[in-house]
Amino acid sequence: MRLRFGHEAEAARHESAIRALTHRTGVPLGEVRALFGIEFARLARGATVRSYLITRAASNVLADLRRKRRRSMDAAENAGLDEAAALLAADAIGTTSH
């Protein structure tokens, strides 16, 4: 998805913010570009002062990506704990083979 902006300088600032987010988070460029476009459009709808929209959109996208990564890591950790607990329980009743 390519974002379209009327002014080339603004488009360059958007692209710079998107690439910085991609570099900082390791999330694929296309995914960051889509999230940024959605967030920028959401913020722009009610904005009366537009000078900080790019910064605000980038900040919100970064926070969202961090939340998603934290939830993913928590889920993986919980799954690992659940598996470990199951192995301990099975070992306690003698159903595992070592």
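The values are calculated or read from the model by the stated rules, or taken from the named source; none is laboratory data. Treat the numbers as computed from the prediction; the structure is a model and nothing was measured. Positions of Cβ are generated from backbone atoms using ideal geometry, with glycine treated the same way; all protein chains shown enter the neighbour counts.
Annotations for the structure displayed:
- Of all the numbered requirements in (1) outside any helix (DSSP H, G or I); (2) modelled with pLDDT under 75, Arg50 misses one, and that requirement is (2).
- Residue in the stretch 2-17 that is within 15 Å of the chain's Cα centre (by Cα) and surrounded by fewer than 12 Cβ atoms within 10 Å (Cβ to Cβ) present: no
- Reported count of residues in the stretch 1-12, each being out of contact with any Asp or Glu (no Cβ under 9 Å at 6 or more places or on another chain) and either modelled with pLDDT of 95 or more or outside any helix (DSSP H, G or I) (or both), is 6.
- None of Ala92, Ala79, Ala63, Ala85 is at pLDDT 95 or above and loosely packed, with under 12 Cβ neighbours inside 10 Å except Ala63.
- The lone criterion from (1) modelled with pLDDT under 95; (2) surrounded by 12 or more Cβ atoms within 10 Å (Cβ to Cβ); (3) among the aliphatic types (A, V, I, L, M) left unmet by Leu21 is number (1).
- Per the conditions (1) closer than 15 Å to Glu10 by Cα; (2) within 13 Å of the chain's Cα centre (by Cα), the sole criterion not satisfied by Arg24 is (1).
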